[in-house]
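Below is one structure; the comments refer to it alone.
The values are calculated or read from the model by the stated rules, or taken from the named source; none is laboratory data. Keep in mind that what you see is a predicted model, and the values were worked out from it rather than measured. Don't worry about glycine lacking a Cβ; one is built from the backbone with ideal geometry, like all the others, and counts go over all protein chains shown. These accessible areas exclude ligands, DNA and RNA; they are computed on the full protein's heavy atoms, side chains included. Shrake-Rupley method; radii C 1.70, N 1.55, O 1.52, S 1.80 Å.
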Amino acid sequence: MALSAMMAEQRAKVLAKAAQARTARRALLAEVASGVVSVAEVFERSGQDLVGRTRVVQVLRAVPGYGPARVAALMATCGVQEKQRVGALNEPQRERLLRALIG
């Protein structure tokens, strides 16, 4: 019984941590959607754990005027994989994405 109690306790901690991460990610994406934080600022903060683990698709879809089709086309032309995370972007990919968003 001690093993299952420990497992339940560990599971509760992991679930709480995951919920906290989802809440923080939701707040970040809301800031992008409202214009408080730009995509360039998100890319600059890619070293932070939460930002680095956020998918590029989520960040781009938070930008007003960018839906699933437009984001998919943008990522394809910039050479970014569908499931790529912000922390895994290299410098040329970031530059291409930012240039495409501005232009």
Original post:
Which of the trypsin sites (Lys or Arg not before Pro) found in segment 37-98 are in a DSSP loop and have at most 13 neighbouring Cβ atoms, other than their own, within 10 Å?
Top reply: K83
Original post:
Between E31 and M7, what length in nm is gained on full extension when 0.36 nm per residue of separation is reduced by their alpha carbon distance?
Top reply: 5.0 nm
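What are the membrane-span-like helices in the chain by this rule: whole DSSP H runs, Cα extent along the axis at least 30 Å, mean Kyte-Doolittle hydropathy at least 1.0?
Details: long enough: 2-34 (48 Å, 0.21).
Going by DSSP H runs, there are no hits.
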Subject >> Placed amide H near R85: partners under 5 Å, 5+ positions off or other chain >> reply: V56
Original post:
Taking the structure as given and computing Rg and Dmax of the Cα atoms in Å, which label from [x] 16.1, 47; [y] 16.6, 58; [z] 16.7, 61 fits?
Top reply: [z]
Original post:
Rolling a 1.4 angstrom probe over the protein heavy atoms, how many square angstrom per residue are accessible across segment 2-102?
Top reply: 64
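From Cα pairs below 8 angstrom and at least 6 apart in sequence, can you work out the relative contact order of the chain, rounded to a whole percent? Present the calculation step by step, with values, prior to reporting the outcome.
Values: 76 pairs, mean separation 25.2, N = 103.
Reported as a whole number, the value is 24 percent.
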**OP:** Specify the residue with the greatest mean-square fluctuation among A16, A40, A72, computed from a Gaussian network of the chain linking alpha-carbon atoms under 10 Å apart.
**Re:** A16
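What percentage of the solvent-accessible surface of the chain, computed with a 1.4 Å probe over protein heavy atoms, is contributed by carbon and sulfur atoms? Kindly include the intermediate steps, with their values, before the conclusion.
On the way: 3910 of 6780 Å².
The nonpolar share, carbon plus sulfur, comes to 58 percent.
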